[in-house]
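The values are calculated or read from the model by the stated rules, or taken from the named source; none is laboratory data. Because the structure is a prediction, the values reported are computed rather than measured. When we count neighbours, we look across all protein chains shown, and the Cβ atoms used for this are built from the backbone with ideal geometry, even at glycine. Remember, those area values only see protein heavy atoms, side chains included, never the ligands or the DNA or RNA. Shrake-Rupley method; radii C 1.70, N 1.55, O 1.52, S 1.80 Å.
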Amino acid sequence: MHVKMGTKIHRLLHKLRSLRRTPEEHEELRTLLPKNAVNSKYGQGSGDFLYYTHTGAEGNRSPISSPSKDCPPPRLHHPDPLVPYIKYLMFFFNFIFFTLGFGLLCFGFWGLSDKQSLIGEKIGNLGTDPMLIFVTVGLVVCVLSFSGCIGFIRENICLLRIFFVGIAVLLAAQCVVALVVLCFHEPIQDSVKTTMLVAMSRYQDDSDLKFILDEIQLGMECCGVQSYQDWSINLYFNCSSPGINSCGVPYSCCIDPLQNGTVPNSQCGFGALSMGEAMASSLIYLGGCVPQLVVWINRRIWDIVAGYLMVTAIELVCIVCAQRVMREIEVVKSLY
């Protein structure tokens, strides 16, 4: 009887001592040791961890090989040292592109509203309006750069995925366009001719088309699509027109298009369509713009290839950076 009472008192004192121990004493009694530190004693492989209790018995849990479902042990993670630099660098570049894209978008909407292209009968010609290109490009650049800007700086994986997918789609579309241009250059050339003819027929009706056509003809020193006679498709320049522009061509077709070197001479091309080629050649350029465009592309083919490769490299860098930051975010989320 006295022996049993002594055993109970001894157990009670042992529990009281364990309750009075400090956290440091508990950590000393239950330590976390790597297996490779006790390989010589237990003959086990390295890389896992052994848990020891206050009784000195080896636990059967391993944070790598067999983690507990109720209380998984912490995993080691070494953060990517380049991720902070990538975040701020991509934020800076995306902010610049967002500013440029927003400027293009505002300019495009201003042009459409100024010409009232979105109301009335003019909306039918919206597909050939050059301002639509500015609106489309500006909208795409704004969406992608905004998602990249906020996604990188706030580490938002949803916006980063939008940025990643958008850049990947642009890269794929860019490659498809390059293949189509290489394989179907003749149909594309015919499409360019048709587009230019439509633009020439609306030369006086759309100030933007007029500006673009004049810049093309002045820059390439050409007139019309295939020849200067193509301007007869325009109702104002056709010889059957009763106006003052009858049988004429725009000033941008003239060899000397400026009066006194400053002001465009709108009368320099009057009557050019009724002249023969020998007489007209002293006043205007006879060759069309499409053949001149083909010659210009052939002369600068390597510059075009270099620009294409540079844009492709920038897109690939954006994709790699977005993927690297997303991977880091997913790893951190899985840990915490």
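Per-structure values
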{"item": "Volume in Å³ per residue [convex hull over Cα atoms, computed for segment 204-335]", "result": "172"}
{"item": "Nearest-10 value in Å² for the accessible area of SER145, using the 1.4 Å probe", "result": "0"}
{"item": "Interchain or long-range residues, amide H under 5 Å from ILE284's placed H", "result": "ILE255"}
{"item": "Scattering profile of segment 147-190 at q = 0.23 Å⁻¹ [log10 I(q)/I(0), Debye over alpha-carbon scatterers]", "result": "-0.71"}
{"item": "Amide H contacts of SER227 (H built 1.01 Å from N, under 5 Å, at least 5 apart or other chain)", "result": "GLY288"}
{"item": "Nearest-0.05 FRET efficiency for LEU235 and ARG300, computed from C-beta distance (R0 35 Å)", "result": "0.50"}
{"item": "Whole-number D in µm²/s for segment 191-274 (Stokes-Einstein; Kirkwood sum over Cα pairs; 37 °C, 0.692 mPa s)", "result": "258"}
{"item": "By accessible area with a 1.4 Å probe, ligands and nucleic acids excluded, highest first: order of TRP110, TRP231, TRP302, TRP296", "result": "TRP302, TRP110, TRP296, TRP231"}
{"item": "Value of relative contact order over segment 100-251, rounded to a whole percent, pairs C-alpha under 8 Å and six or more apart", "result": "15"}
{"item": "Interchain or long-range residues, amide H under 5 Å from LEU258's placed H", "result": "ASN265"}
{"item": "Label-point gap, in nm, between VAL263 and GLU277 - each point 7 angstrom along Cα→Cβ", "result": "3.5"}
{"item": "FRET E, pair SER227, GLN174, Förster distance 41 Å, beta-carbon r, rounded to 0.05", "result": "0.75"}
{"item": "Under the Karplus curve 6.51 cos²θ - 1.76 cosθ + 1.60, θ = phi - 60°, whole-Hz ³J(HN,Hα) for segment 105-113, x wherever Gly or Pro sits", "result": "5, 5, 5, x, 5, 5, x, 5, 6"}
{"item": "Long-range tail of P(r) for segment 274-336 (Cα pairs > 18 Å, %)", "result": "68"}
{"item": "Three-way shape call for segment 117-266 based on the alpha-carbon gyration tensor, with the a/c threshold at 1.5", "result": "prolate"}
{"item": "Pair TYR336, PHE95: separation of 7 Å Cα→Cβ label points (nm)", "result": "2.4"}
{"item": "37 °C / 0.692 mPa s Stokes-Einstein diffusion coefficient of segment 167-233, Kirkwood radius on C-alpha pairs, µm²/s", "result": "239"}
{"item": "Computed over segment 238-300, Kirkwood Rh from alpha-carbon pairs, angstrom", "result": "12.8"}
{"item": "Gap separating the Cα centres of segment 292-331 and segment 196-225, nearest whole Å", "result": "31"}
{"item": "Accessible heavy-atom area order of ILE314, ILE216, ILE284, highest first, probe of 1.4 Å", "result": "ILE314, ILE216, ILE284"}
